[in-house]
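Notes for the one structure printed next.
The values are calculated or read from the model by the stated rules, or taken from the named source; none is laboratory data. Predicted model, so just to flag it, every value in this text is computed and none were measured. Heads up, the Cβs are rebuilt from the backbone with ideal geometry, glycines too, and the neighbour counts pull from every protein chain shown.
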Ligand SMILES: [Zn+2]
């Protein structure tokens with residue numbers, strides 16, 4: 001199974017563009033990226049079309065956006081992890097033998113509404129009856145995990161500010177990133193409190209975006225692209241819908257399960273990965289993800305980051321796009337951006353910070369507080 | 001949040017009385033209740049009343065709240081470990097935002113948690129207040 005075409009739009013606040021135009025813009029670039037194309041089905045990764053835009057049947061909208069009325073399609077929802085899960089469904093449609101070419105589209109619109117409305121919609125990732133109904137936001141749940149991490153591993157607030165500073169540094173060089181400004185540790189620790197200890201600069205921004213990848217079976221891939229990137233392994237997993245009944249809040253089952261499956265399938269291990277894009281909707285999410293994937297032991301990631309590990313040129317180099325923090329996080333689209341960015345790192349044409357000769361990459365995307373996680377491993 | 005009377009009514013035992021589930025096989029107790037055991041996978045559980053006293057394991061002071069919760073802001077949210085080891089996430093009330101600490105004793109109290117507009121129903125549920 002191969003990724004043959006890639007198209008992305010810069011993540012931003014597009015008051016002049018709705019779902020249809022964003023999908024169109026990304027798809028046109030993906031079509032330009034292949035020698036020819038004949039998609040047979042679309043899979044759309046999206047979280048908020050129903051809760052914010054009263055729009056279901058999103059695949060039909062996507063097909064009209066690209067002029068392929070009549071094809072089959074479906075939307076895949078796994079909250080902020082929808083994009084990665086959509087790639088897995090796209091892969092499966094080809095692996096099953098049903099289709100040869102599949103378009104996976106990640107799309108989200110978030111910027112049209114005030115923060116409280118978006119906060120409400122995002123809170124739907126959590127347990128509606130036992131978390132959201134109390135007014136507990138998605139940031140608050142992550143804040144509970146962040147404080148637990150800081151207490152258990154004796155990490156200081158300043159230590160945990162290093163990650164967003166690094167993400168903005170990388171984002172400043174990525175033309176697709178929503179946030180292109182550099183920031184300092186002082187900026188992070190003095191930014192407004194969202195849900196203590198989470199501050200604004202620990203959090204991914206609200207933005208709109210669309211990313212498209214075209215997947216093809218092995219035989220077809222060689223015709224469509226001169227630089228196909230292989231999907232060598234993938235997996236997904238879950239943890240409790242609510243946080244209260246979880247056994248290990250700092251080591252979610254979902255990440256471990258998804259990673260185990262993807263590594264086993266690709267016959268690789270964490271030490272083989274050259275470049276990775278991981279889910280860092282909040283600073284704490286980055287730490288839990290790095291540890292869950294096996295790139296660091298429990299409670300070790302923040303120290304390794306402090307030592308300069310996982311920066312550009314290290315193995316693995318993590319979030320050279322700027323991550324969710326700076327590239328942006330149009331929630332249901334993010335997982336597709338990540339896969340596109342890793343594929344471009346492996347092709348050698350990612351337009352931001354790029355490492356040379358990367359051969360193996362990993363994209364990890366999650367919905368909820370690591371509630372539904374996907375891991376996708378790619379090879380040159 | 002879209003609320004309906006039936007939706008509120010069917011969660012009353014767990015939300016008003018702090019009822020959890022106990023697995024009929026591995027005997028583990030958890031909250032909120034579920035019909036199957038999330039730990040051993042056994043398909044039968046029973047409802048039990050949970051202890052109402054516990055200690056704060058983690059907490060946050062939430063300033064950016066979802067729509068409809070402005071009157072409660074800032075919301076202090078606690079991860080509470082009850083005396084039997086079961087964990088519950090719920091708001092903490094009757095305390096200043098800077099007076100919460102790890103290990104602080106709290107007990108369950110019944111409070112209003114949401115009001116569905118001026119004419120809609122009022123939802124009650126468990127919150128935690130400081131205890132000796
Ligand atoms: Zn059990």
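A few notes on this one:
- Candidates A:260, A:247, A:230, filtered to the one that is closer than 17 Å to residue B:40 by Cα and surrounded by fewer than 23 Cβ atoms within 10 Å (Cβ to Cβ): A:247
- Residue check for residue A:123: over 24 Å from residue A:327 (Cβ atoms) and out of contact with any strand residue (DSSP E or B) (no Cβ under 7 Å at 6 or more places or on another chain): no
- Flag if residue B:40 is more than 11 Å from every other protein chain (Cβ to nearest Cβ), touching a strand residue (DSSP E or B) at 6+ places or on another chain (Cβ under 7 Å), at pLDDT 95 or above and not in a helix (DSSP H, G or I): yes
- Being within 16 Å of the ligand (Cβ to nearest atom) and touching a strand residue (DSSP E or B) at 6+ places or on another chain (Cβ under 8 Å) is a condition met by no residue of segment B:56-72.
- The set of residues in segment B:1-22 that are more than 11 Å from chain A (Cβ to nearest Cβ) and near the ligand (Cβ under 10 Å from one of its atoms) contains only B:22.
- Candidates A:88, A:133: the one that is in contact with a strand residue (DSSP E or B) (Cβ under 8 Å, 6 or more places away or on another chain), within 14 Å of chain B (Cβ to nearest Cβ) and outside any loop (DSSP other than H, G, I, E, B) is A:133.
- Flag if residue A:161 is in the same structural domain as residue A:149 (by TED's automatic domain parsing), under 22 Å from residue A:321 (Cβ atoms) and part of a helix (DSSP H, G or I): yes
The rows are residues; the columns are (1) without any contact (Cβ under 8 Å) to a residue 40 or more places away in the chain; (2) within 12 Å of the chain's Cα centre (by Cα); (3) closer than 18 Å to residue A:214 by Cβ.
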| residue | (1), (2), (3) |
| --- | --- |
| A:341 | no, yes, yes |
| A:358 | no, no, no |
| A:362 | no, yes, no |
| A:366 | no, yes, no |
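- Exactly one residue among A:245, A:254 is touching a strand residue (DSSP E or B) at 6+ places or on another chain (Cβ under 9 Å), within 14 Å of chain B (Cβ to nearest Cβ) and either part of a helix (DSSP H, G or I) or in contact (Cβ under 8 Å) with a residue 12 or more places away in the chain (or both), and that residue is A:254.
- If you go through segment A:48-80 and keep only what is assigned to a loop (DSSP other than H, G, I, E, B), farther than 16 Å from residue A:18 by Cβ and in contact with a helix residue (DSSP H, G or I) (Cβ under 6 Å, 6 or more places away or on another chain), you end up with A:69, A:71.
- Test: residue in segment A:16-34 that is assigned to a strand (DSSP E or B) and either closer than 23 Å to residue A:342 by Cβ or touching a residue at least 40 places away in the same chain (Cβ under 8 Å) (or both): no
- Evaluation of residue A:126 against the conditions (1) more than 14 Å from chain B (Cβ to nearest Cβ); (2) in a loop (DSSP other than H, G, I, E, B); (3) in contact (Cβ under 8 Å) with a residue 24 or more places away in the chain shows that the sole unmet condition is (1).
- Taking the listed residues A:319, A:357, the one that is surrounded by fewer than 24 Cβ atoms within 10 Å (Cβ to Cβ) and assigned by TED's automatic domain parsing to the domain that holds residue A:233 is A:357, with no other qualifying.
- Of the candidates B:25, B:34, the single residue that is within 16 Å of the ligand (Cβ to nearest atom), within 19 Å of residue A:126 (Cβ to Cβ) and either more than 7 Å from every other protein chain (Cβ to nearest Cβ) or not in a strand (DSSP E or B) (or both) is B:34.
- Residue count for segment A:181-221 under the criterion of being closer than 30 Å to residue A:40 by Cα and part of a loop (DSSP other than H, G, I, E, B): the result is 2.
- Some residue of segment A:316-329 being in a strand (DSSP E or B) and in contact with a strand residue (DSSP E or B) (Cβ under 8 Å, 6 or more places away or on another chain): yes
- Filter pass, residue B:101 being away from the ligand (no atom under 16 Å from the Cβ), more than 22 Å from residue A:152 (Cβ to Cβ), surrounded by fewer than 21 Cβ atoms within 10 Å (Cβ to Cβ) and in contact (Cβ under 8 Å) with a residue 40 or more places away in the chain: no
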